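Written out below as structure tokens is the structure these notes cover.
Here, each number is a calculation from the coordinates, and none is a lab measurement. This structure is a prediction, so every number in the text was calculated from the model and none was measured. Neighbour counts run over all protein chains shown; Cβ positions are idealised from the backbone, glycine included.
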Amino acid sequence: MSSPNILALLPEYILTLTGVLVMLLEPVLPPSANRKPLGWLAIAGTLLSGFASYYQLRFGTLHAFSGTIQVDAFSIFFHLLIAAVVLVTLLSSLDYFQGNASHAGEYFALTLFGAVGMMFMTCSVELLMVFIGLEISSISTYIMAGFRKGQATGSESSIKYFLLGSFATAFFLYGIALAFGATGSTSIASIAAGLGATTTPLLAFTALAMIIIGLGFKVSAAPFHVWTPDVYQGAPAPVVGLMSTAPKAAAFAVLLRITFSGFPGMQHRWSVLIWVLAALSMTVGNLGALMQRDVKRMLAYSSIAHAGYLLVAFTAFPQDGIAAACFYTAAYAAMNVGAFAVITQVSGYDETARTTNDYTGLALKRPVLAALLAFFLLSLIGIPFTGGFFGKFYVFSAAIGAGHLWLAVIGLVNSGIACFYYLRLLAAVYTKPGAESARLGHAIGRIAPGYKADLTLIDMSDPTWSPLNSAVRQLVHVEAGRGVRHVIVDGTVIVRDRRLTTIDEEDIYDAVEAVMPGFRKDFAAISERVKRLQPWLDQAHARFVATEMDFDRIYVPF
């Protein structure tokens, strides 16, 4: 193997060797041993990979493996961006597996292998090599999406991502085959040269449309976004932070090369297609996020909207559009991976903070994390002088410069809509918990010495829960399963303190009676109503598995 081939893929070699080393060391450690040293090893490999990418800058443009790999400033930019995202993900995951460390080594290795595929995509100028990198990246994220073993939502997340991802990959491969049929090559440069001589321009455009569909799935662009909310909700928080940024950055890098370098003569055609996808993604993403109470689902729809903002740059002229897209990709990656790093620290492995209301009073308990989350949310909104503001400014300016005024207007309107759901979470973070929560916490505190109420209210007046309101009202129950306690009172689910492990159910009833006089008088009638609704509850277990509450954690004892 010649020196250029080694130098061109030096960052990928380092990550691969580090991942293999982590996997070799993991089974050597005793099952009860702390896996954090393996995380530090992965972090060291990621840093070394970033330095190797920076080192490649001094050699200008590198070509390797018969011209299928091209390392230039464009690919190095995305290499450094991916390395930075992986670094933040690994740092936020070091303490994530406490008490569940038996498979942490595999997680660190898969993160590195996924990064290898992403970096490989950004420096490939041959569509078949892009496909190889795409599959390396995808297989790692498929597995990581279901990494919380024993959680039904995690398995569902992984399966959905795998099935829909495989379907999207078929479109991408079919597009490569059609491109070869139209131009006689799968090299991006050769495709650009062959477009002028092709006798089947419609076939070439169809090939590009198929490729855009395949990559549209990876970047969660509407209408290829349907997998995103469910997968993000079921996957571990640090994995969501990774998969919502680094794979998207790699996919956008590929899309920039293919559209502006491979099909520049058809920009008047594919820019219309991108225009529609951008407008649809911004609108669907923001309107969908408005309806969400689950924070990860909200950020999932937010990521769809941001994919639309980024696609706006593709409708601009190349000199403006490429620069705007690169800047926005970096800004969005920093905002989103930072937000999910905070969510990881707040919710932990068991995901104890799921809904917006779970973050009520976070500023009082963990002010530093609350301040960081506030900064990232304000940047996602696009408040002036944040990275999100400058990203949107460059993207919309480039679109207006290319004559797409109405697309910029749609983007600005959607940015205004986004303020509502971001500020709703921000308001919860800096809101003091309500008095009713404190009163019930005080009542429970009387029967659990040393207990300090850290209660979160989940509003069940949401239309999604209307079939349950009459059955759940004034019903109280404490579940003993998995060490998590839930109390349902007056249409509100009051969640969680793990020290409540030995409290008798009658004691809870007495505590609620002190807060809600007359509770026991109506309890028998309510119980009978719940019993009649039991068949509906059994069906709802599957039907509402993607909503903000997990039915596995609610047990109705009738």
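Laid out as a table, the results:
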{"read-out": "Qualifying chymotrypsin sites (Phe, Trp or Tyr not before Pro) in region 382-426, DSSP loop, other Cβ atoms within 10 Å at most 16", "value": "PHE385"}
{"read-out": "Over 31 Å (Cα to Cα) - which of LYS149/LYS365; LYS296/LYS432; LYS392/LYS432; LYS218/LYS432; LYS160/LYS432 fall in this group", "value": "LYS392/LYS432; LYS218/LYS432; LYS160/LYS432"}
{"read-out": "Ascending count of other beta-carbon atoms within 10 Å, so fewest first, for VAL219, VAL368", "value": "VAL368, VAL219"}
{"read-out": "Where labels lie 7 Å past Cα in the beta-carbon direction, separation of LEU29 and VAL368 in nm", "value": "2.4 nm"}
{"read-out": "Spherically averaged projected area in nm², based on the convex hull that wraps the Cα atoms of region 124-429", "value": "14.3 nm²"}
{"read-out": "Whole-Å distance, taken between Cα centres, linking region 269-344 and region 121-152", "value": "20 Å"}
{"read-out": "Distance between modelled label sites at LEU17 and PHE390, nm, 7 Å Cα→Cβ extension", "value": "3.6 nm"}
{"read-out": "Footprinting exposure proxy for CYS123, CYS419, CYS326 (fewest neighbouring C-beta atoms within 10 Å first)", "value": "CYS419, CYS326, CYS123"}
{"read-out": "Förster radius 25 Å - calculated FRET efficiency between SER185 and PHE65 (Cβ-Cβ, nearest 0.05)", "value": "0.95"}
